[in-house]
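Input: a single structure, listed below in structure tokens.
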Protein chains: 2
Amino acid sequence: MHLVHTAAELRGMLDGERGVAFVPTMGNLHTGHLELVRLAAGAGRPVVSSIFVNPLQFGAGEDFGRYPRTLEADCRQLKAAGCDIVFAPDVAEMYPEPQTVRVVPPLADELCGAFRPGHFEGVATVVLKLFNMVRPRYAVFGKKDYQQLFILRTLTRQLNLPIDILAGETVRAADGLALSSRNGYLSAAERAEAPRLHAVLSAIVGAIAGGGRDYGALESAARDALQEHGWRVDYVSVRAQATLLPPRDGEDRLVVLAAAHLGGTRLIDNLEVASQ
Amino acid sequence: MHLVHTAAELRGMLDGERGVAFVPTMGNLHTGHLELVRLAAGAGRPVVSSIFVNPLQFGAGEDFGRYPRTLEADCRQLKAAGCDIVFAPDVAEMYPEPQTVRVVPPLADELCGAFRPGHFEGVATVVLKLFNMVRPRYAVFGKKDYQQLFILRTLTRQLNLPIDILAGETVRAADGLALSSRNGYLSAAERAEAPRLHAVLSAIVGAIAGGGRDYGALESAARDALQEHGWRVDYVSVRAQATLLPPRDGEDRLVVLAAAHLGGTRLIDNLEVASQ
């Protein structure tokens, strides 16, 4: 496996390659990421993974500074998972000048975007830059970041990028907690409480499967359950998979999404609802 | 020369081509465009020219509806100039869904952008889409649209597109008028008056070459000269070539830009000032 830090080195390695499978990450990898690498390796070669903590997608007061950087351990895991090339640029390589060209995706002010102004613009910008550096045939993102996946699919389609976007299923701990780099911020007591986020989403999915259609009441009950246990809730929301907007009457491909803070840690999760 | 109307046909033809030279146009071609095609043919092969009147870059009340569509004559001229492939998509091919991903370039509210809200966002979006469809090694734009050229160079660099942007010199009629598809809107009397736009820019360049540094006074004199002859002036502005912003003290690579209306026709022009 090769580790490169500049776009020029990367292009030298990828010259003439037409089946590149790409997994962008911010590093601090866990099993969820490694499943994305395995999915990529089944789709194309070489497998390129990027590791870049993108300042553009962090707001003021967010965790850009303390976000864990673990390059050596990440490389060991990537190699074992079948990655061929790791691209780990520094900030000056990615942004040699102030970024004045803005990529503004849809739904940038919805769901997580309502609580993280500029976040999805930062994500869209860095992913478009990485796509143009790597020029992949396939790119893999996790369903854990469901809104991000939706936005990047839309961006790829509307900007006519010749890339197939593949989605990896969310990987969970045995108690249901979705794997996330940010789980590392949790205290032992918070870690014990954290699976409740998945539990309240499961309860909504179960209620809808059982015929429940009062989404507002289901969302409120979930918020209350979290707040009673010390969470600060950003949102719990039933949305249409096709648009990520509130479902219209009779719309049956749904997804339930939530974001909430436990102490100083913001966690997100979601569950798709099987068609009724 | 091949004429294709869909991105799929185009990709079929360009498969494996790595030296594509691309000239995006809105059709209604004149000698200025054909010089861009010749410049492209000197840079790479095959030469692809697109013809697409992009609704996204026209404002309400602008000339989208009456912009001249002359595909057959355009194709004859393109063939003679050395073009290999003409890509002429319709609006549904370019925008099969509402464009919700926005590409917002810098300087979008400066100069022409101040008078045409959304124009450069529309230009940036369609050019990025075309770049991703054509995947050129070279792309050619005219200096006549100086702000557009600046914006697209910035976009290409900041989004890490592997494309060299080449600039074609402005082609002028013998009396100095810059060639433009919109010259066709002018009455005979307006056509006789139109070269004054170039004349006032030349006067500013001459004054700066002669040591003039009171750019505000030069701009005002030019505005007055135009208004006295029936023009409605959007702007006359001395700017730095490097930033397209007002020059700082001592900045010596300058460009003078203007936009003004003659009757119902909006004309633009610019002249670079040689370093002092």
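The values are calculated or read from the model by the stated rules, or taken from the named source; none is laboratory data. Just so it is clear, the structure is predicted and the values come from calculations on it, not from any experiment. Please note: Cβ atoms are built from the backbone with ideal geometry, for glycine as well, and neighbour counts cover all protein chains shown.
Scanning region B:79-107 for residues being under 26 Å from residue A:155 (Cβ atoms), away from chain A (no Cβ under 14 Å) and surrounded by 15 or more Cβ atoms within 10 Å (Cβ to Cβ) gives a total of 1.
Each row is one residue, and each column tells you yes or no for (1) out of contact with any strand residue (DSSP E or B) (no Cβ under 7 Å at 6 or more places or on another chain); (2) not aliphatic (A, V, I, L, M).
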position: A:34; (1), (2): yes, no
position: A:52; (1), (2): yes, yes
position: A:58; (1), (2): yes, yes
position: A:93; (1), (2): yes, yes
position: A:111; (1), (2): no, no
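In this structure, residue A:66 does not qualify as more than 14 Å from chain B (Cβ to nearest Cβ), of a type in the set (Lys, Arg) and crowded, with 16+ Cβ neighbours inside 10 Å. A count restricted to region A:101-112 and to residues that are assigned to a loop (DSSP other than H, G, I, E, B), closer than 30 Å to residue B:151 by Cα and in contact (Cβ under 8 Å) with a residue 40 or more places away in the chain stands at 5.
Can you tell me which residue among B:48, B:53, B:127, B:86 is outside the structural domain of residue B:198 (by TED's automatic domain parsing), farther than 25 Å from residue A:131 by Cα, of a type in the set (A, V, I, L, M) and out of contact with any Ser or Thr (no Cβ under 7 Å at 6 or more places or on another chain)? Checking each option against the conditions leaves just B:53. Within region B:130-137, does at least one residue satisfy the condition of being surrounded by 21 or more Cβ atoms within 10 Å (Cβ to Cβ) and over 30 Å from residue A:118 (Cα atoms)? Yes, region B:130-137 contains at least one residue that is surrounded by 21 or more Cβ atoms within 10 Å (Cβ to Cβ) and over 30 Å from residue A:118 (Cα atoms). Apart from one condition, residue B:217 fits all of (1) surrounded by fewer than 19 Cβ atoms within 10 Å (Cβ to Cβ); (2) under 30 Å from residue B:45 (Cβ atoms); the exception is (2). Going through (1) more than 14 Å from every other protein chain (Cβ to nearest Cβ); (2) touching a residue at least 12 places away in the same chain (Cβ under 8 Å) one by one, residue B:76 falls short only on (2).
Within region B:146-165, the residues that satisfy the criterion of being touching a residue at least 24 places away in the same chain (Cβ under 8 Å) and surrounded by fewer than 19 Cβ atoms within 10 Å (Cβ to Cβ) are B:162, B:164, B:165. Residues that are under 19 Å from residue B:19 (Cα atoms) and within 14 Å of chain A (Cβ to nearest Cβ) do not occur anywhere in region B:110-124.
Counting only helices (runs of 4 or more DSSP H) wholly contained in region B:162-276, the ones carrying 2 or more residues that are hydroxyl-bearing (Ser, Thr, Tyr) occupy B:215-228.
Quick check on this structure: which one of B:161, B:197 is among the hydrophobic types (A, V, I, L, M, F, W, C), assigned by TED's automatic domain parsing to the domain that holds residue B:30 and either touching a His at 6+ places or on another chain (Cβ under 6 Å) or closer than 29 Å to residue B:139 by Cα (or both)?
Selected residue: B:161, the only one of B:161, B:197 that is among the hydrophobic types (A, V, I, L, M, F, W, C), assigned by TED's automatic domain parsing to the domain that holds residue B:30 and either touching a His at 6+ places or on another chain (Cβ under 6 Å) or closer than 29 Å to residue B:139 by Cα (or both).
Among the residues of region A:136-161, those that are assigned to a loop (DSSP other than H, G, I, E, B) and either within 10 Å of the chain's Cα centre (by Cα) or facing another protein chain (nearest Cβ under 8 Å) (or both) comprise A:143, A:144, A:145, A:159, A:160, A:161.
Which one is nearest to residue A:206 (Cα to Cα), of the residues in region A:240-276 that are of a type in the set (Ser, Thr, Tyr) and modelled with pLDDT of 95 or more?
A:243
Taking the condition surrounded by fewer than 17 Cβ atoms within 10 Å (Cβ to Cβ) and either touching a residue at least 60 places away in the same chain (Cβ under 8 Å) or in contact with a Gly (Cβ under 8 Å, 6 or more places away or on another chain) (or both), does residue A:169 pass? Answer is yes for this residue.
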